[in-house]
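K.L.:
Quick one: the structure is below, and I'll ask about it shortly.
The values are calculated or read from the model by the stated rules, or taken from the named source; none is laboratory data. Being a predicted model, the structure only gives us computed values, none of them experimental. We place every Cβ from the backbone using ideal geometry, glycine too, and count neighbours over all the protein chains shown. With ligands, DNA and RNA removed, areas are computed over all heavy atoms of the protein, side chains included. Shrake-Rupley method; radii C 1.70, N 1.55, O 1.52, S 1.80 Å.
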Amino acid sequence: MATLLYGRRSIVRRTATIGGRIALVALVMIVGAACAPKSAPRACLQFSADLMPDLAGGLIRKDFRIANAWAVKSDQMIDSSGVKFPAYFLSADIVAPSGEAVVGTWVTTEITKPGLIYSVSPQAKKYSSWAQVGDPSTAGITIETPGAKESVSCVLTGRGSSPKAGVSP
């Protein structure tokens with residue numbers, strides 16, 4: 001009988017050891033996931049007020065205006081004739097004469113001086129005459145590219161009480 005009891009202790013001890021190891025591995029995985037570096041939110045960059053007239057110059061309707069422009073740096077590059085430029089997603093309110101506004105998103109090579117500008121969002125394509133993304137220089141850049149939606153969030157966060165949000169001009 002001593003052998004049988006000893007065998008049972010051995011089974012219990014083995015089961016406890018295996019269970020302990022599984023629990024330890026699970027704990028390490030949970031702690032590792034919690035401590036893993038998270039991707040930092042992309043910074044909202046103020047678009048130069050000096051460039052607002054240039055951006056607004058691309059609007060199809062001259063009675064509309066651009067306001068509350070913000071940019072977010074993209075990891076993508078714009079390739080213009082073999083020269084690579086940094087890309088910034090630029091979002092701004094497109095404001096109708098009534099004060100109603102929608103957010104348009106473009107991609108540009110500069111936010112402090114004049115640069116290349118391409119329309120990204122459906123609103124930017126509808127209300128501005130800037131070239132549209134999708135040519136070889138902007139291959140792979142869409143409204144889903146990291147940074148694009150973040151720039152829209154910057155505009156929504158930066159809105160004052162003047163433009164009436166969510167209404168299509």
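K.L.:
Just give me the residues in region 129-152 being in contact with a Pro (Cβ under 9 Å, 6 or more places away or on another chain) and either β-branched (Val, Ile, Thr) or at pLDDT below 95 (or both), in sequence order.
P.N.:
ILE143
K.L.:
Here's something else I'd like to know. Can you tell me which residue within region 111-123, out of those that are in contact (Cβ under 8 Å) with a residue 24 or more places away in the chain and not hydroxyl-bearing (Ser, Thr, Tyr), is surrounded by the fewest Cβ atoms within 10 Å (Cβ to Cβ)?
P.N.:
The qualifying residue surrounded by the fewest Cβ atoms within 10 Å (Cβ to Cβ) is LYS113.
K.L.:
Are any residues in region 90-99 modelled with pLDDT of 95 or more and either open to solvent by 10 Å² or more (accessible area, probe 1.4 Å) or not acidic (Asp, Glu) (or both), and if so, which ones?
P.N.:
Across region 90-99, the qualifying residues are LEU90, SER91, ALA92, ILE94, VAL95, ALA96, PRO97, SER98.
K.L.:
Further question on the same structure: Among the numbered conditions (1) at pLDDT below 95; (2) under 18 Å from ILE141 (Cα atoms); (3) surrounded by fewer than 19 Cβ atoms within 10 Å (Cβ to Cβ), tell me where LYS73 comes up short.
P.N.:
Every condition holds for LYS73 apart from (1).
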